[in-house]
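The values are calculated or read from the model by the stated rules, or taken from the named source; none is laboratory data. Predicted model, so just to flag it, every value in this text is computed and none were measured. Here Cβ is always computed from backbone atoms with ideal geometry, including for glycine, and neighbour counts include all displayed protein chains.
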């Protein structure tokens, strides 16, 4: 039998991580899904401040797909979307993986992991309510969506609904999961408490409105157009709603339809689509509202551009095409408190890193360009204090 | 004769009883050790992970003097700023990666775990990085691509240092670390019997470079700094895969 003396000495494993000093002004945290890191970019300076490795796997790709933060609690939530196999390592999962996803809780002062939660494969979007009480994750399961002979429910996948306080450093219990629609991806939560989730259902051509207070309430699925067939058979979507954004007043949701190459609007009160439609030329991704709710800034691909939409008429009122050197594959637009600028996160290509562009909000000319890592995902805007 | 035999048996019984009494007295007398001793013992003990399926110790990968070790040298580890080629910034997190991915540990150590504290004591006792050592141990993960043939004789030597400590002798797997560790190359070749030679080589290359991070298992990966492409190609040539 052996008896060991207890360790007495300085606190073991001292935290040697560099402190992350958040800029005084606006900043973004950008998850680099091809590099398993988070870039901190100072938007006022248009400069990369730090790049910090994250993830649960020190060798393979974790695919951090999106990061959101709750500054009151001092944490960020990064959703890790793992590729399905080593053969396609290097790209975060885009719906075809069979590897469970994870949410990592990161302390904002140095991005050390302080909690983790296992979710389903192919986590798409993550959102935290403004009051920090609800965390929601969509599961963009294209494999289930493509099951030709399956019922519509068998092709649908879930959103996970989590009380962030329940997330432990290890062994967090499975979260509640609600079956929502076919290939749910984009996500927005009602303010301030996240009582409702608005979900872009890529494979079903609907926006799902989900009651998160009474999770047993039926999911309301709103077709994005009157021509949408209810419970469509497996196959490519006609509209492909991929992203949503809630207006500043919370009264409207803009829906980016990747396949139809248009944006449409959901009226929150009536849970009906409005008649306003804006054809934006390319495939729209993660749009953002102007602070007054009158305009929507839409990043598009093929053609890579920023398109400005009048939210009341759907008219295109501005456009800034991008060449590959400036912004390859625009992913999302970020509207800061400063009304004179806009930011665009550019995904780049598999071989070239992404970037955050600072644009003049009136002329859309480039004011600054900050390189981030490989394949940046959706980012968190931290507003200056 | 019979009486003499009985007497002998009796004597043996007395000796056995007395020996048993001694050993039980010894067992009752606990052997004390410091936290450093505890950490040193853990370093060579598969029980650093409580998993019943674990066959590895820390020394399996980090004892560089006995074989071609996949793991980094540990002297100075408590002072290092990064691990795993820069992907980890915490020593305990890096240790827990080993315990999880290679040793099947069901839960990570925390700074409150006595085993973790003892391991820290042991690592601290190893002292700083030797003055003549190359600065931070790099760990370059290499994408699996096919390699031109190497030198079979060199391959035999590298196999003995890099593969045999875990996989046992070539073909037979004699003295391999655990029965779930495949005999090389035979079991892998058999499992992929329909593969072309180049595809089969890629299976070995991907496993050597990715280890458990490539399709599971518990093998630690060989970084380029530890195992060169030329030496890996020589092992494949020794396996007659060209």
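What to note about this one:
- Test: residue B:207 is assigned to a helix (DSSP H, G or I) and farther than 20 Å from residue B:85 by Cα: no
- For residue A:111: the one exception among (1) at pLDDT below 95; (2) within 12 Å of another protein chain (Cβ to nearest Cβ): (1)
- Complete set of residues in segment A:324-365 that are in contact (Cβ under 8 Å) with a residue 12 or more places away in the chain, more than 20 Å from residue A:290 (Cβ to Cβ) and surrounded by fewer than 22 Cβ atoms within 10 Å (Cβ to Cβ): A:324, A:326, A:328, A:329, A:349, A:350, A:352, A:353
- Test: residue in segment B:144-160 that is within 14 Å of another protein chain (Cβ to nearest Cβ) and part of a loop (DSSP other than H, G, I, E, B): yes
- Meets criteria (under 22 Å from residue A:370 (Cα atoms), surrounded by 20 or more Cβ atoms within 10 Å (Cβ to Cβ) and at pLDDT 95 or above) for residue A:320: yes
- Annotation: residue B:102 fulfils all but one of (1) under 29 Å from residue A:12 (Cα atoms); (2) away from chain A (no Cβ under 14 Å); the unmet one is (2).
- Qualifying residue in segment A:287-310 (condition: crowded, with 17+ Cβ neighbours inside 10 Å, in contact (Cβ under 8 Å) with a residue 60 or more places away in the chain and within 20 Å of the chain's Cα centre (by Cα)): no
- Residue A:26 meets all of the listed conditions (1) within 12 Å of chain B (Cβ to nearest Cβ); (2) in contact (Cβ under 8 Å) with a residue 12 or more places away in the chain; (3) crowded, with 20+ Cβ neighbours inside 10 Å; (4) more than 17 Å from the chain's Cα centre (by Cα) but one, namely (1).
- Qualifying strands (runs of 3 or more DSSP E) (wholly inside segment A:273-385; at least 2 residues being over 28 Å from residue A:37 (Cβ atoms)): A:295-301, A:305-310, A:316-321
Residues checked against (1) surrounded by 21 or more Cβ atoms within 10 Å (Cβ to Cβ); (2) within 29 Å of residue A:61 (Cβ to Cβ); (3) modelled with pLDDT of 95 or more:
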residue	(1), (2), (3)
B:93	no, yes, yes
B:127	no, no, no
B:135	no, yes, no
B:140	no, yes, no
B:151	no, no, yes
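- Exclusive hit being more than 23 Å from residue A:353 (Cα to Cα), crowded, with 17+ Cβ neighbours inside 10 Å and either away from chain B (no Cβ under 14 Å) or in contact with a strand residue (DSSP E or B) (Cβ under 7 Å, 6 or more places away or on another chain) (or both), set A:79, A:119, A:68: A:119
- Meets criteria (surrounded by 17 or more Cβ atoms within 10 Å (Cβ to Cβ), part of a loop (DSSP other than H, G, I, E, B) and within 12 Å of chain B (Cβ to nearest Cβ)) for residue A:18: no
- Qualifying residue in segment A:83-99 (condition: more than 12 Å from chain B (Cβ to nearest Cβ) and part of a strand (DSSP E or B)): no
- Complete set of residues in segment B:33-48 that are within 19 Å of residue B:77 (Cα to Cα), more than 12 Å from chain A (Cβ to nearest Cβ) and in contact (Cβ under 8 Å) with a residue 24 or more places away in the chain: B:43, B:48
- Residues that are part of a loop (DSSP other than H, G, I, E, B) and either within 9 Å of chain A (Cβ to nearest Cβ) or under 30 Å from residue B:196 (Cα atoms) (or both) within segment B:110-143 comprise B:110, B:111, B:139, B:140, B:141, B:142, B:143, listed in sequence order.
- The set of residues in segment A:29-48 being part of a loop (DSSP other than H, G, I, E, B) and either without any contact (Cβ under 8 Å) to a residue 12 or more places away in the chain or at the interface with another protein chain (Cβ under 9 Å from one of its Cβ atoms) (or both) consists of A:36 alone.
- Test: residue A:140 is at negative phi and buried (at least 23 other Cβ atoms within 10 Å of the Cβ): yes
- Candidates B:164, B:187 - the one that is buried (at least 19 other Cβ atoms within 10 Å of the Cβ) and out of contact with any helix residue (DSSP H, G or I) (no Cβ under 9 Å at 6 or more places or on another chain): B:164
- Condition met for residue A:250 (surrounded by fewer than 21 Cβ atoms within 10 Å (Cβ to Cβ), in a loop (DSSP other than H, G, I, E, B) and out of contact with any strand residue (DSSP E or B) (no Cβ under 9 Å at 6 or more places or on another chain)): yes
- Take the conditions (1) more than 14 Å from every other protein chain (Cβ to nearest Cβ); (2) part of a loop (DSSP other than H, G, I, E, B); residue A:57 misses just one of them, which is (1).
- Whichever residue in segment B:49-81 is buried (at least 17 other Cβ atoms within 10 Å of the Cβ) and within 11 Å of chain A (Cβ to nearest Cβ) and, among such residues, is nearest to residue A:36 (Cα to Cα): B:80
- Only residues that are touching a residue at least 60 places away in the same chain (Cβ under 8 Å), within 13 Å of the chain's Cα centre (by Cα) and not in a helix (DSSP H, G or I) were counted in segment B:56-92, giving 8.
- Exactly one residue out of B:174, B:216 is within 14 Å of another protein chain (Cβ to nearest Cβ) and surrounded by fewer than 19 Cβ atoms within 10 Å (Cβ to Cβ): that is B:216.
- Residue A:161 being assigned to a strand (DSSP E or B) and within 18 Å of residue A:125 (Cα to Cα): yes
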